[in-house]
Amino acid sequence: MEKADKILVAGYTGLVGSAIVRRLQKARYDNLLLKDHRDVNMTRQAEVEELFKKERPEYVFLAAAKVGGIMANSTYTADFIYINMMIAANIIHTAYKTGVKKLINLGSSCIYPRLAPQPMREDSLLTGLLEPTNEAYAIAKIAAIKLCHYYNQQYGMNFISVMPTNQYGIGDNFNMETAHLLPMVIRRFHLANLLRKEDWNGIRGNIRRNKLGWNLDTEVKLDDPVSLEKTLAAVGAFKDKVVMWGDGSVYRELMCSDDLADACLFLMENKDCKDIGEHVNVTSGMDIQLNSLFEMVKKITGFEGSIVYDTSKPNGMPRKLMDATKILSLGWAPKISLEQGIRDFYSWYAGA
């Protein structure tokens, strides 16, 4: 890949897409084609084909997707399977039709069976039942992997699928209804801190910057401390405690999006699909129990209250640790530790 080659980053405003853009710019790639849902409806084949025929990208990072946490995944199931399948089918097929040299397809660790042996190896795909709370999203991502695989097999394309672990980082979504794990947890502690200090202006500013979700934004009276306190209680933030879903016993692995972007560029510049196989995990191979993660976030945010668990809510998959053997053998490893990554992430969020 040459510095002047035209590179499409589909979904460039999202968490992963924006990290990929930062990494490309750092590496002095200056012919970037940046598109998201505001520029082109990627669920429409005609619009995608028009974009590719007009712009002729040579390399593609497919980071466009409808994403969300456990609540969003289990609530908007039809949206998650339809939108993600259509985006993948349209971009992958059109990349083939227009002769794209290489494509990186971003997937998710949720493709693996709920009870897959830990750590989850790439060959665990389709060996068991999926986690019900994110099955729709997982099926769409599995379809994208298979699309890339079969286009490589039948047409000799160079499409690479990468499966990242749970991501966090600059540009993350903090909507309490649709956010992924870490931003939701950080925001809950941050709001509880503001509430403990009775920093009503800070709470108002936070709600104005990021929606709370569940129609709470339209119900809250921003000038009324009682209404603010009641609203924050609905998202698990109190003066003396934060409430977390489940029992804290499950394990999750988290990775900073800047590490994932670095891995994607490494693969794009140095590896071909024949080196990867059907897909490759992008992971550190280390996870953390959620109760320990929550304690770490509590310490980093400086919250002095307690952590309470709502065991009426689901835990999700018992464990989602991916095997890092393949990506490490290819010559790449993550650089950002979890604690340092969370410290940097919270510093960015609190100062935003």
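Values quoted throughout were computed directly from the atomic coordinates according to the rules given, and no laboratory measurement underlies them. Only a predicted model underlies this, so the values are computations on that prediction, with no experimental measurement involved. Because the Cβ atoms are built from the backbone with ideal geometry, glycine has one as well, and the counts that use them run over all protein chains shown.
Quick notes on this structure:
- Relative intensity, log₁₀ I(q)/I(0), of region 106-200 from a Debye sum that treats every alpha carbon as a point, q = 0.15, 0.19, 0.22, 0.25 Å⁻¹: -0.74, -0.98, -1.13, -1.26
- Taken as Cα centroids, region 1-38 and region 307-345 sit 25 Å apart, rounded to the nearest whole angstrom.
- Cα-based helix-to-principal-axis angle, 77-97 vs the chain, degrees rounded to 10: 30
- By the compact-protein rule of thumb, 2.2 N^0.38 Å, the alpha-carbon radius of gyration of region 164-276 corresponds to a ratio of 1.36.
- Two-decimal ratio, region 308-352, of alpha-carbon radius of gyration to 2.2 N^0.38 Å: 1.74
- For region 261-341, the calculated P(r) over all alpha carbon pairs, in 10 Å bins from 0 to the bin holding the longest distance, is 14, 35, 27, 18, 7, 0 percent.
- Pairs of C-alpha atoms in region 1-81 farther apart than 22 Å represent 32 percent of all such pairs.
- Taking θ as phi - 60° and the Karplus parameters 6.51, -1.76 and 1.60, the scalar couplings of region 304-309 work out to 9, x, 10, 10, 10, 10 Hz in sequence order, x denoting glycine and proline.
- Alpha carbon centroid spacing (whole Å) that separates region 252-304 from region 43-94: 23
- The convex hull around the C-alpha trace of region 46-101, projected and averaged over every direction, spans 4.1 square nanometres.
- Sorted largest first, extent of region 198-352 alpha carbons per principal axis (Å): 60, 31, 28
- Cα-derived Rg over Rh, computed across region 111-153 with Rh taken as Kirkwood radius: 1.00
- Taking region 147-212 and dividing mean pair separation by its residue count, relative contact order in percent (alpha carbons under 8 Å, at least six apart): 24
- Residues 214, 332 arranged by fewest to most Cβ contacts within 10 Å: 214, 332
- Compared with the dominant principal axis of the Cα atoms in the chain, helix 45-55 is inclined by about 70°.
- Global size of the chain as Cα Rg and Dmax, reported in angstrom: 20.4, 63
- 5 angstrom amide H check on residue 241, placed H, neighbours 5+ away: 306
- Binned Cα-Cα distances of region 1-148, short to long, each 5 Å bin given as a whole percent: 2, 10, 19, 20, 19, 14, 10, 6, 1, 0
- Where only C-alpha atoms are counted, convex hull volume of region 60-146 per residue in Å³: 92
- Volume per residue that the Cα convex hull of region 150-203 spans, once the total is divided by residue count, Å³: 107
- Sequence ranges 278-291, 65-78, ranked by mean other-Cβ count within 10 angstrom, highest first: 278-291, 65-78
- Exposure proxy order (Cβ contacts within 10 Å, fewest to most) of 137, 12, 251: 251, 12, 137
- Nonlocal amide H pairs with residue 157, under 5 Å, H built at 1.01 Å: 152
- Entries of 102/335; 3/102; 6/274; 3/335; 66/241 with Cα pairs more than 21 Å apart: 102/335; 6/274; 3/335; 66/241
- In a fully extended conformation the segment linking residue 240 and residue 222 would gain 4.4 nm over its present Cα-Cα distance, using 0.36 nm per residue.
- The fewest-to-most ranking of 252, 44, 187 by surrounding Cβ atoms within 10 Å reads 44, 252, 187.
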